[in-house]
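Remarks on the structure that follows.
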Amino acid sequence: MKVILPVAGKGTRLRPHTHTRAKSLVQVAGKTVLEHIVSRLLPLDPTEVVFITDENGGQIRAVMDREFPQLNCTYLQQKEKLGPAHAISLAAGRVVSGDDLLIVFNDTIFITDVQQIASLSMDCDGLVFSKEVEDYQRFGVNIVRNGFITDMVEKPDQPVSKLAQVGLYYLRDGLDFMGSLQKCIDDGETVKGEYYLPPVFMRMIRAGKKLRAPEIDAWLDCGTPETLLSTNRYLLGGRSHTHGTVIDSVLIEPVHIGYGATVRNCILGPHVSIASECVVEQSIISDSIINTGANVQSVILSSSILGDSVTLAGASRKMNIGDNSLIDIGG
């Protein structure tokens, strides 16, 4: 199996945290979003992981070289922002006869047993993984009849289906899929000037291909500060990890403290992630993510995200601070 991972989005909804980094490299529950996603793919033992990047591709490569050196990775840059299907099409040269494909978008962290893909796809040509949601108006949804997808509707006004597409796709015949994708591009099937995957899948269905829509266990959005904090709560889930130094402090589980971090005279938790090399002193923090190398002194924080190398000292506030900021709130 080959895996295609488009990671070229700007992550504008996560600014200021994505001003200086790829959106898949924001941290949640002690790891980057990218690490959470790739670690869930390891049971598949992919023959190649193809990353579609933007100008931040070097950041992606550095993390993969450090955390997953055993994987065979290829990096291709999307220089024209023409949509997700166009990004996938750039990997066509890496797909040969006999390749099956898994396409994984990086806006969300999925929770599912990927080892079931083989059994789920035994009687079909592909899988469009889904999750039933109540706010179906926000998503593209799958309409299913007798176990197979018959139609796809983008942001429906009526509840024709609540099975939202989660950005995880499996194709048994990668070469055939790439052919359908190229035909969509050749025919100019765009929405507001960009190419998307649903027209590709509908072209395949009209050609007689069968696609199923299996549900995943959990769909964890990482696209906004609010959903990132929600995902942090879910992933910590009652599990605590203390890899740093904790002195005269109270930890209300779940709390994650990274390697090289120092916590002194604090009350932390619940649902707090402290990244590596942080120093946190004389503070009360709950439901927050503190990124690498931050220095936090004498504050009360809740529902907050601090970027890398932030220095924060002062009084109680709700913060959403980007990398390398210096904040000094006087009393």
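Read-outs: derived from the displayed coordinates by stated rules, not from any lab. Only a predicted model underlies this, so the values are computations on that prediction, with no experimental measurement involved. Don't worry about glycine lacking a Cβ; one is built from the backbone with ideal geometry, like all the others, and counts go over all protein chains shown.
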Exercise for the section: Within segment 119-163, report the GluC sites (Glu not before Pro) that DSSP leaves as loop and that have at most 15 other Cβ atoms within 10 Å. Expected result: GLU134
Exercise for the section: Treat each spin label as a single point 7 Å out from the Cα along the C-beta direction, and report the GLU253 to GLU55 distance in nm. Expected result: 4.6
Completion exercise
Stokes-Einstein D for the chain (4 °C, 1.567 mPa s, Kirkwood Rh from Cα pairs), in µm²/s, comes to 62
Problem - Residue among VAL153, VAL128, VAL50 with the largest mean-square fluctuation in a Gaussian network model of the chain, springs linking Cα atoms under 10 Å - result: VAL153
Handout entry: Inter-label distance for THR150 and SER240, nm, one decimal - labels placed 7 Å from Cα along Cα-to-Cβ
Key = 5.3
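Using 0.36 nm per residue of separation minus the Cα-Cα distance, give me the extension gain between GLN115 and SER309 in nm, one decimal.
Numbers: separation 194, 0.36 × 194 = 69.84 nm, distance 3.86 nm.
Gain on stretching GLN115 to SER309: 66.0 nm.
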Exercise for the section: Let me have the relative contact order for the chain, percent, based on Cα pairs under 8 Å that are six or more residues apart. Expected result: 15
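Determine the alpha carbon to alpha carbon distance for each of LYS23/LYS209; LYS31/LYS81; LYS2/LYS183 and list only those over 25 Å. Walk me through the numbers on the way to the answer.
Values: LYS23/LYS209 34 Å; LYS31/LYS81 28 Å; LYS2/LYS183 21 Å.
Flagged as over cut-off: LYS23/LYS209; LYS31/LYS81.
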Problem - Set of lysines near LYS162 by C-alpha distance (under 17 Å), chain-local residues within fewer than 8 positions excluded - result: LYS131
Completion exercise
Surrounding charge for THR245, neighbours by C-beta under 13 angstrom, Lys/Arg +1, Asp/Glu -1, total -2
Practice task
Any aspartates and glutamates with Cα under 20 Å of the LYS155 Cα? List them, leaving off those in the same chain fewer than 8 positions away.
Solution key: ASP107, GLU132, GLU134, ASP135, GLU189, GLU194, GLU215, ASP221
Problem - Of the GluC sites (Glu not before Pro) in segment 34-97, those whose Cβ has at most 16 other Cβ within 10 Å and which sit in DSSP loop - result: GLU55, GLU80
Practice task
Please work out the FRET efficiency for the pair GLU189 and GLU67, using the Cβ-Cβ distance as r and a Förster radius of 51 Å; give the result to the nearest 0.05.
Solution key: 0.85
Completion exercise
Assertion target for ARG203, ARG61, ordered by fewest C-beta neighbours within 10 angstrom first, is ARG61, ARG203
